[in-house]
Amino acid sequence: MIEMQNLSFGYSGGEPLLADMSLSLPPGSFHFLTGPSGSGKTTFLRLCYADLLPTAGKMLAFGQDVTELSRDGIAALRRRVGVVHQDTQFLDHLPVAENIAMPLIVSGEAVDMPALGDLLSWVQLTNHSRTMPPALSGGERQRAALARAVIMSPDLIIADEPTGNLDWDMSMRLLQLLVELNRSGKTVLFATHDLNMIRAAKQQVQTRVLRIAGKRLQLAGADL
Amino acid sequence: MKRPDLKSLDFAALWRGLTRPDVAGTDRVVPPTGFTAQLTLFSAAAMAFLAVFALALALATGRLAERWSTELAQTVTVRISAPPDQIDDQTVTVMEVLKTTPGIAQSKLLPDTDVEKLLEPWFGPDVPVEALPVPRLVEVTEAAEGFDAEALRLRLQGEAPGAVLDDHTRWREPLVSAANRLRVLGLISLLLIGATAGAMITLAAKASLAANGQVIKVLRLIGARDITIATAFVRRFTRRAAIGAAAGTVLGMGAIWLLPAADEAGAFLTGLGFQGWGWLWPLLIPLASAVIGFVATRWASLKMLREVR
């Protein structure tokens, strides 16, 4: 699904932030990505959905070399990847339901209203379908972002510290949703520095933990 | 990394997106922007208003140049200035000469009343023209095959020394040239107005795009193609340009319609307007404005989108 071969990346041609990384994310896997602040977790994830391109090495997404993709090709790649950020952005002039349906709208696909209702119910936002995004709480925003990330039924879900601003209960709720997605066959890549979160997940689903340290990617934990 | 593949942008898809109703609500991805909307509407209306006048100028001067260069080219005048005791004889001689000159269709001695009319603007209605040494004028209409002006001039010189052939070239040519230049200026004005409208719409579109940078980023993140994002902006600005231009055109046509009717006394100024089918020309202005809006916004959108991954 995602394959990196001796990948390196540095901003504006400077010193590499990430160096010589090799990784293969198999379909249906659940990976955590950890590392200290500033280690390059977000950069790593941005490389996965071609928001950044490697400065050296090779990066394959769904079998395609991302450096060979056209702009439309990158757009097509992103429709197969659902992304949830810590500071998720919405179109603030549109209500929550329309924001969640936005990937379908911009892809020119019809919005299945009952399915959208089910999705809103799944993330427990049924009562907020007409609410404008700025009026949502942190947890509600993250759940709305998750719903938007999965509405296209993507193959890969990338979550970049989605629980960073949430309390423990809300974090667990979000984790539960991601675990459910993984059980339904979706590949999940979850960046966090919360070890308790990783422990909680390990009790429910088989996970692997990746760690960025010293610019390099390592397998961490008991399953090394 | 390949260069951004802008050539793959489908113009046909863009046109379809522009002309077909937005059932999916894709246009709603761009938040309403009051200021740029009003700016675009106002600019398009003002430019269309000016374009109507530039068009009217170009058409009127075109008509004028054509009239001067065709109608007047067909006529020449013979002016007879002679002492009172010779003028009648010389007039008879001139009329004979003209009758026998090949290439002249008709010659007509202007009656005193017509000469008075010609002099009226300078001397007023009550001046006794008969008391003035006014030359006699013979209006000559050229036949299709034309005549040898130089030969006629020499013949008149020999047979009626007081007669002077005036083929109007001396004053007609600079007037035709001036009218033609005015027409060119009118057309250049139209082009400048179009370019200015394009620049204004581009600036408004760029302001809107810059204000919506975050929206564009979100849309790219969720997999929107450039064409989808661009179309949302293009549709909006093209419509504003067309609506604003339509309003400006209507106002401009109204102002032209309210100008005094063309008459001989007013000459050129009262002829500044549209005639007959010419009233249809300004209707192209909103269409041209829509095309300018489409091209300008498309260019600005794609340039801006190229900077967002």
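The values are calculated or read from the model by the stated rules, or taken from the named source; none is laboratory data. It should be emphasised that the depicted structure is a prediction, and the values quoted were computed from it without experimental measurement. Methodologically, a virtual Cβ is constructed for each residue, glycine included, from the backbone with ideal geometry; neighbour enumeration extends over all protein chains shown.
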In segment B:225-242, what residues are in a helix (DSSP H, G or I) and at the interface with chain A (Cβ under 7 Å from one of its Cβ atoms)?
B:Asp226, B:Thr228
(1) in contact with a Gly (Cβ under 8 Å, 6 or more places away or on another chain); (2) at the interface with chain B (Cβ under 8 Å from one of its Cβ atoms); (3) among the hydroxyl-bearing types (Ser, Thr, Tyr): which one isn't true of A:Thr55, the others all being true?
(2)
A:Met59: touching a residue at least 12 places away in the same chain (Cβ under 8 Å), part of a strand (DSSP E or B) and buried (at least 22 other Cβ atoms within 10 Å of the Cβ), yes or no?
yes
Can you name the residue in segment B:135-153 that is part of a loop (DSSP other than H, G, I, E, B), touching a Ser or Thr at 6+ places or on another chain (Cβ under 9 Å) and of a type outside the set (A, V, I, L, M, F, W, C) and is also surrounded by the fewest Cβ atoms within 10 Å (Cβ to Cβ) among such residues?
B:Asp148
For segment A:1-43, which residues satisfy the criterion of being among the charged types (D, E, K, R) and free of Cβ contacts under 8 Å to residues at least 60 places away in the same chain?
A:Glu3, A:Glu15
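Yes/no matrix, rows are residues, columns are (1) within 10 Å of another protein chain (Cβ to nearest Cβ); (2) of a type outside the set (S, T, N, Q); (3) surrounded by 14 or more Cβ atoms within 10 Å (Cβ to Cβ):
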position: B:Leu182; (1), (2), (3): no, yes, yes
position: B:Ser189; (1), (2), (3): no, no, yes
position: B:Gly198; (1), (2), (3): no, yes, yes
position: B:Thr202; (1), (2), (3): no, no, yes
position: B:Ala210; (1), (2), (3): no, yes, no
position: B:Val215; (1), (2), (3): yes, yes, yes
position: B:Arg220; (1), (2), (3): yes, yes, yes
position: B:Gly223; (1), (2), (3): yes, yes, yes
So which of A:Phe44, A:Phe30 is in contact with a Leu (Cβ under 7 Å, 6 or more places away or on another chain) and not polar (S, T, N, Q)?
A:Phe44
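Conditions (1) crowded, with 17+ Cβ neighbours inside 10 Å; (2) of a type outside the set (D, E, K, R); (3) within 14 Å of the chain's Cα centre (by Cα), marked per residue:
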{"position": "A:Thr42", "(1), (2), (3)": "yes, yes, yes"}
{"position": "A:Thr55", "(1), (2), (3)": "yes, yes, no"}
{"position": "A:Gly63", "(1), (2), (3)": "no, yes, no"}
{"position": "A:Arg78", "(1), (2), (3)": "yes, no, yes"}
{"position": "A:Gly82", "(1), (2), (3)": "yes, yes, yes"}
{"position": "A:His85", "(1), (2), (3)": "yes, yes, yes"}
Being of a type outside the set (A, V, I, L, M, F, W, C) and in contact with a His (Cβ under 8 Å, 6 or more places away or on another chain) is the filter; apply it to segment A:11-40 and report the residue that is surrounded by the most Cβ atoms within 10 Å (Cβ to Cβ).
A:Thr34
Given (1) assigned to a helix (DSSP H, G or I); (2) at pLDDT 80 or above, where does B:Arg170 come up short, assuming only one miss?
(2)
Taking segment A:73-100 as the search range and keeping residues that are in a helix (DSSP H, G or I) and among the charged types (D, E, K, R), which one is farthest from the other protein chains (Cβ to nearest Cβ)?
A:Glu98
Restricted to segment A:154-173, and to residues that are in a loop (DSSP other than H, G, I, E, B) and closer than 23 Å to A:Leu47 by Cβ, which residue is nearest to the other protein chains (Cβ to nearest Cβ)?
A:Pro154
Just wondering, is there one or more residues in segment B:154-167 that are of a type in the set (Asp, Glu), surrounded by 12 or more Cβ atoms within 10 Å (Cβ to Cβ) and farther than 30 Å from B:Gly186 by Cβ?
yes
Segment B:1-116: helices (runs of 4 or more DSSP H) wholly inside it with 2 or more residues that are modelled with pLDDT of 85 or more and away from chain A (no Cβ under 14 Å) are B:34-70, B:84-99
Note on A:Gly108: of the conditions (1) within 12 Å of another protein chain (Cβ to nearest Cβ); (2) in contact (Cβ under 8 Å) with a residue 12 or more places away in the chain; (3) surrounded by fewer than 21 Cβ atoms within 10 Å (Cβ to Cβ); (4) not hydroxyl-bearing (Ser, Thr, Tyr), unmet is (2)
For the condition buried (at least 18 other Cβ atoms within 10 Å of the Cβ) and not assigned by TED's automatic domain parsing to the domain that holds B:Ile243, what is the one hit in B:Leu110, B:Leu98, B:Leu119?
B:Leu98
